[in-house]
Amino acid sequence: MIAEDAALFRAGLTRLLEDDGHEVCAAVGDGEALLAAVASTGPDVVIADIRMPPGYTDEGLRAALELRRARPETGVLMLSQYIETRYAASLLNGSPAGVGYLLKDRVADTDEFTDAVRRVAAGGTALDREVVGHLLTAGRRSGSLGELTPRERDVLAAMAEGRSNAGIATALVLTPGTVEKHIASIFGKLRLPASETDNRRVLAVLRYLESA
Amino acid sequence: PAAWLGSALRHLAARLLGERVPAAGSGWRATAYLVLKLPVAVGEGYAVIIFWVFGLVNLSFPFWWLSFRNNPPGVRLRPVAVFTPFGWWGQGTYHVSALPGAFAASATGAGMLLAAPWVTRAVVAADRWLIRRLLGPGPLDRRLRDLEQTRALAVDDATARLRRLERDLHDGAQIRLATLALNLGLARKKLTAVPGTEEARELVDVAIQGARDTLAELRELARGIHPPALDNGLADALATLTAGSPVPAELTVDLPARPTPAIEAIAYFCAAELLANAIKHGGASTITIDFSERMEALALVVADDGRGGARAEPGGGLAGLMQRVAVVDGRLEIDSPPGGPTRVTVTLPLSA
C-alpha cells in the first residue's frame with residue numbers, strides 16, 4: 001500500500017506498481033490513515049512518504065517505525081525528497097531486513113524502483129545510493145577502503161544498497177560471475193565474514209562502513 | 001555601582017511604597033534621585049516628626065501634666081510650650097499653664113494625628129514622583145526596549161517565513177518535478193514495448209535526467225533555506241552534514257533546552273559554514289563541532305587540527321557569519337594562529 005500526501009505523485013506510483021503486476025490495496029495521505037489501513041489490509045510492503053500531514057516533519061517515518069515494531073513481517077519502503085542520516089539510522093536500527101529508504105527521484109527509473117519494492121517485500125533491503133554514498137565517503141576518508149579497486153567500491157556500494165548478485169550484475173552491467181569474483185575479493189580485503197543471505201551481507205557491509 | 005544603587009533604591013521603593021518601577025535607568029539618574037531626594041527627605045522628615053510624634057506628645061499632655069505637675073499649690077511654674085505645625089521651631093504655638101490647657105493641647109494633638117496620614121501621603125507623593133521619573137526607564141530606555149522587542153519579532157518572523165518557503169518548495173515545485181520524472185519513466189517503459197522508438201526513448205531519458213538534475217539543485221537550495229531535519233533539533237540536522245563530510249567530523253550536542261527556531265537556524269548555518277571552511281581551507285584531519293550551554297547562552301565551538309590562519313576578511317564567509325550573529329547580539333571569536341590549530345567560538349542568546 002501507498003502513503004503519500006501529494007495526490008498526483010500517489011496516482012503515478014499506483015499506476016507504476018499496478019503496471020508491474022502488483023496490487024495496490026490502499027492509497028492514503030497521512031500517518032494515522034497509514035496505520036489504520038495496514039491493520040485492515042495487511043499488505044506485504046508499505047511505501048510511505050516520510051513527510052506527511054499534519055505536522056509535515058516525519059509523520060511517515062514515525063508511523064513506519066511503529067509498523068516495524070508491530071508487524072515486522074511487513075516491508076517498509078520510505079520515500080523522501082531528502083536523505084537525512086538520522087532517518088536512515090533509525091530505520092535500520094540494527095536490522096536492514098525489509099527496510100528501504102529512497103529518494104523520490106529514483107522512481108523515474110521504473111525497473112529499479114520495482115526491483116527495490118520486490119526486494120523490500122521479500123525481506124531484503126533497498127537503500128538509496130546517497131545514503132550509501134555518505135557511508136562510503138566516511139570509509140574513503142579513513143582509508144579503510146583504500147585497498148579496493150574502483151570497481152570493487154562500486155560493487156560494495158551496490159551491496160550496501162541491498163542488491164542481490166543478479167541485481168548488482170544488472171546495475172553495473174557485469175556478468176554474474178564477475179560480480180561474484182569482486183564480492184569474494186572485497187570480503188577478503190576487508191576481512192569480512194562470508195554471509196549466506198543478502199541481509200546478513202548488507203548488515204556486515206553497513207556495520208563495517210559505519211565503524212570506519 | 002551607581003546602577004546597583006539604583007536597583008537597591010527601586011527595591012526599597014517597591015517594598016515600602018508599593019511603587020513598582022521597571023528596572024531601567026542609568027546610574028547617573030539614580031544619583032540625581034539621591035541628590036533631589038535630600039530636600040524631599042527633609043520635608044518628609046518634618047512631616048513625620050511634627051505630625052506623628054508631636055501629635056502623640058500633644059495628645060498625651062494631660063497624662064504628663066498630671067504625672068509631673070502635681071506640685072503643692074502656690075508654686076508657679078513656667079508655662080509649657082505646645083508644638084504644632086504652626087509657629088517657629090523651638091518656640092511652640094501657644095503655652096499651657098493649667099490643666100484645662102492640657103486638654104486643649106490634647107485636642108490639638110488629636111487633630112494633628114488625624115491629619116498626619118494625609119500630610120504624609122502628600123509629601124511622599126513628591127517622592128514617588130521623583131522615583132518614577134528618575135529611577136524608572138527614561139525615554140531612551142523605553143526606546144531601547146522597544147527596539148529590542150521589535151528586532152526579536154523581525155528575526156523570528158523571518159525564520160518562520162523561510163520555513164514556510166521551504167515547505168512550499170517541497171510541496172510545490174519539488175513534488176511536481178518528481179511526478180514529472182515518474183510519468184516520464186512510465187512513458188519510457190511503454191516506449192520500450194514499441195519497436196522503432198529508440199530516438200524517442202533517448203529523448204525521454206534526457207528529459208528524465210533534466211528533471212533529476214533540477215531536483216538535485218532544488219534540494220541544495222532548500223537545504224540552504226531551511227534544512228529539513230532542523231525541526232527535530234540541531235543534532236539531527238547536522239548529522240547528515242557530518243556524516244557526509246570528507247574529513248572525519250565529530251558532533252556533540254549538549255543543550256538542556258532547545259533554543260528558539262530563529263537561533264537554531266542561525267546556529268545551524270554557522271556550524272555548516274564553519275564545517276565547510278574547515279574542509280576547504282583547513283587541511284585538517286579531524287574536525288569537532290560542539291554545542292553546549294554556557295552562562296545562559298548557546299556556545300558553538302568548531303575546531304580543527306589544520307593549517308590555521310583563518311581570518312575574517314571583509315566580504316568573506318567569516319565576516320558574513322559575524323554580521324549574521326551580531327543581529328541577535330551574538331559573538332564570533334576566531335582563534336587560528338598560522339600553523340593551526342583553529343578554534344572558532346560562536347556565542348548566541350537562547351532567543352532572539
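The values are calculated or read from the model by the stated rules, or taken from the named source; none is laboratory data. Everything numeric in this text was worked out from a predicted model, so none of it was measured. Glycine gets a Cβ as well: all are built from the backbone with ideal geometry, and neighbour counts include every protein chain shown. Just so you know, the surface numbers come from the protein's heavy atoms only, side chains and all, with ligands and any DNA or RNA stripped out. Shrake-Rupley method; radii C 1.70, N 1.55, O 1.52, S 1.80 Å.
Does at least one position in region A:134-152 carry a residue that is buried (at least 19 other Cβ atoms within 10 Å of the Cβ), among the charged types (D, E, K, R) and more than 14 Å from chain B (Cβ to nearest Cβ)? No.
Results for (1) among the polar types (S, T, N, Q); (2) in contact with a strand residue (DSSP E or B) (Cβ under 7 Å, 6 or more places away or on another chain); (3) within 12 Å of chain A (Cβ to nearest Cβ); (4) touching a residue at least 60 places away in the same chain (Cβ under 8 Å), shown as yes or no for each residue.
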residue	(1), (2), (3), (4)
B:244	no, no, yes, no
B:263	no, yes, no, yes
B:285	yes, no, yes, no
B:292	yes, yes, no, no
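Among the residues of region A:117-132 satisfying the criterion of being within 13 Å of another protein chain (Cβ to nearest Cβ) and in contact with a strand residue (DSSP E or B) (Cβ under 7 Å, 6 or more places away or on another chain), which is farthest from residue B:176 (Cα to Cα)? Looking at residues that are within 13 Å of another protein chain (Cβ to nearest Cβ) and in contact with a strand residue (DSSP E or B) (Cβ under 7 Å, 6 or more places away or on another chain), I get A:131. Put simply, of B:102, B:116 the only residue that is at pLDDT below 75 and assigned to a helix (DSSP H, G or I) is B:102. The residue that is farthest from residue B:301 (Cα to Cα), among those in region B:312-323 that are touching a strand residue (DSSP E or B) at 6+ places or on another chain (Cβ under 9 Å) and open to solvent by 20 Å² or more (accessible area, probe 1.4 Å), is B:312. For region A:53-67, the condition of being surrounded by fewer than 19 Cβ atoms within 10 Å (Cβ to Cβ), without any contact (Cβ under 8 Å) to a residue 12 or more places away in the chain, away from chain B (no Cβ under 11 Å) and within 15 Å of the chain's Cα centre (by Cα) holds for none of the residues. Residues considered: B:231, B:213. Of these, the only one that is closer than 25 Å to residue B:258 by Cα, among the acidic types (Asp, Glu) and facing another protein chain (nearest Cβ under 10 Å) is B:231. For residue A:48, the conditions (1) under 16 Å from residue A:102 (Cα atoms); (2) in contact with a Ser or Thr (Cβ under 9 Å, 6 or more places away or on another chain); (3) not basic (Lys, Arg) are fulfilled apart from (2). Listed by position, the helices (runs of 4 or more DSSP H) enclosed by region A:157-212 that each have at least 2 residues that are within 21 Å of residue A:102 (Cβ to Cβ) are A:165-172, A:198-211. Scanning region B:237-262 for residues that are open to solvent by less than 40 Å² (accessible area, probe 1.4 Å), assigned to a helix (DSSP H, G or I), farther than 13 Å from residue A:82 by Cα and not hydrophobic (A, V, I, L, M, F, W, C) turns up just one, B:242.
Filtered by the rule that a residue be within 28 Å of residue B:50 (Cα to Cα), touching a residue at least 40 places away in the same chain (Cβ under 8 Å) and open to solvent by 50 Å² or more (accessible area, probe 1.4 Å), region B:123-163 gives B:128, B:132. Residues in region B:274-311 that are among the acidic types (Asp, Glu) and closer than 14 Å to residue B:259 by Cα: B:293, B:296.
Take region A:105-116 and flag every residue that is within 10 Å of another protein chain (Cβ to nearest Cβ) and small (Gly, Ala, Ser). Result: A:108, single match. Here residue B:178 fulfils each of the conditions (1) at the interface with chain A (Cβ under 8 Å from one of its Cβ atoms); (2) within 30 Å of residue B:254 (Cα to Cα); (3) among the small types (Gly, Ala, Ser) apart from (2).
Residue pairs whose Cβ atoms lie under 7 Å apart, sitting 6 or more positions apart in sequence or on different chains, and linking a residue in region A:103-132 that is open to solvent by 10 Å² or more (accessible area, probe 1.4 Å) to a partner that is in a strand (DSSP E or B), are A:119/A:125; A:119/A:126; A:121/A:45; A:121/A:75; A:123/A:75; A:130/A:103; A:131/A:101. Among the residues of region B:223-233, those identified as assigned to a helix (DSSP H, G or I) and either within 15 Å of residue A:130 (Cβ to Cβ) or in contact with a strand residue (DSSP E or B) (Cβ under 8 Å, 6 or more places away or on another chain) (or both) are B:223, B:228, B:229. In region B:316-347, the residue that is farthest from residue B:277 (Cα to Cα) out of those that are small (Gly, Ala, Ser) and assigned to a loop (DSSP other than H, G, I, E, B) is B:330.
If I filter region B:182-203 for residues that are facing another protein chain (nearest Cβ under 9 Å), of a type in the set (Gly, Ala, Ser), open to solvent by less than 60 Å² (accessible area, probe 1.4 Å) and within 49 Å of the chain's Cα centre (by Cα), do I get at least one hit? No, region B:182-203 contains no residue that is facing another protein chain (nearest Cβ under 9 Å), of a type in the set (Gly, Ala, Ser), open to solvent by less than 60 Å² (accessible area, probe 1.4 Å) and within 49 Å of the chain's Cα centre (by Cα). In region B:164-175, of all residues being crowded, with 17+ Cβ neighbours inside 10 Å and either more than 8 Å from chain A (Cβ to nearest Cβ) or modelled with pLDDT of 95 or more (or both), the one that is nearest to residue B:230 (Cα to Cα) corresponds to B:166.
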